[in-house]
1. Ignoring everything except DSSP H segments at least 4 long, calculate the 222 nm mean residue ellipticity for the chain; use -39,500 (n - 2.57) per segment, divide by total residues, nearest 500.
2. For region 178-257, which chymotrypsin sites (Phe, Trp or Tyr not before Pro) pass both filters: DSSP loop (anything but H, G, I, E, B) and at most 15 other C-beta atoms within 10 Å?
3. What is the gain in length, in nm to one decimal, between ARG229 and LEU260 on full extension, counting 0.36 nm per residue of separation less the C-alpha to C-alpha distance?
4. First check a/c for the chain, with a ≥ b ≥ c the square roots of the eigenvalues of its C-alpha gyration tensor; if it is under 1.5, answer rounded, and if not, answer prolate when a/b is larger than b/c or oblate otherwise.
5. Separation between the LEU29 and LEU273 pseudo-spin-labels, each 7 Å from Cα along Cα→Cβ, expressed in nm?
6. Say a paramagnetic label sat at a point 7 Å from the Cα of PHE222, along Cα to Cβ; which residues of region 172-204 have their backbone N under 17 Å from it?
7. Considering only VAL120, VAL175, VAL297, give the residue with the highest GNM mean-square fluctuation for the chain, with springs between Cα atoms whenever their separation is below 10 Å.
8. Please report ILE93, ILE139 as a ranked list, fewest other C-beta atoms within 10 angstrom at the top and most at the bottom.
Amino acid sequence: MKDAHAFPTQNAQPASWKIWVKTSRPMTLTATVSPLLVGTAVAGYEGTFHIVTFLVTFFSCLFLQIGTNYFNEYFDYRYGLDHAGSLGASTVIFRKEMTAGQVLSGGIVSFALAVLLGVVLIFLVSPVIILFGLSGMGIAYFYSARPFKFASRGLGDVLVYIAMGFLMTWGSYYVQIPHWSWRAFAASVPVGFLVTAILNMNNVRDYQDDLAVNKKTLPVRFGLKFGQRFHAVLLMAPYLATTLFAVAGLLPPLTIAVWLTFPLAWLNVQAVLNATDRKVFIDGIKETSRLHLLFGVVLALSLMVATVLRW
């Protein structure tokens, strides 16, 4: 089957910076903030923090996510998975605000910037950073692109957990202290659950659109109710995981302070489980993104306080 939009023919017109920013999906970029703060805070708890390394890592990961968003926009258009009314797309191509080629170039340039910053990290840390970079870029690109199209095969949730939960959290620890850490791994688990919840909420919102084009996300495979219940699990699991790790001694006892954000999670779960209106799912994405950021900030702050108190 040929791509629905394999050879877009729009004449390229300069797009305003506002359109470029819109297509980068800035509201999603908080997903990079939480894992980097948490991973770096774990390294600080263990006695190491290099501000330059942190900043280079932060912007490298940020450009990687921006590039992923551009590629997702481009390939969903190219493969006919989006249309002018798609809620999950910024629709800049359909509105002729940008050409498909411009969106694709946005992804390429963003990846190039991420690579350049990754090279800096190689010199600052070690050549092992190459493995982090290749893994992250591979997942990011083939999330939407052929031949794998992970998102269309129901594998997006697992790969987002790995890339934006485990790799970003532990990776931001590794660039500070280059060795394996079970503490950093433990901290990555709740962060991974919450970033996966953002994706799942996105898939629940897009259930009807994805079903129509046979994009086999988990809600399409197992049903809308499954997606709503899966969301509840993903929002409850971070609190249980953090508590268990604190009790087991993998995380400082002060990290149970993440329970301060639990009321937000509970309201989110109640709204999604009882939803019949698609607008609730749209709001659910925003609320889940906000929870992911606040949870990460509280977890990072609790680690910083524990560092000062050595408790």
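1. Details: 13 runs with 206 residues, N = 311.
Only helices count here, giving -22000 deg cm²/dmol.
2. Within region 178-257, the qualifying chymotrypsin sites (Phe, Trp or Tyr not before Pro) (loop, at most 15 other Cβ atoms within 10 Å) are TRP180.
3. 8.9 nm
4. Here the chain falls in the oblate category.
5. 3.6 nm
6. 193-204, by backbone N distance to the label point.
7. Comparing VAL120, VAL175, VAL297 in the GNM, the peak value goes to VAL120.
8. Fewest to most other Cβ atoms nearby, the residues stand as ILE139, ILE93.
All of the numbers you see were taken from the coordinates with simple rules; none came from a lab. Since this is a predicted model, take the numbers as computed values, not measurements. Quick reminder, even Gly has a Cβ in these numbers, built from the backbone with ideal geometry, and neighbours come from all protein chains shown.
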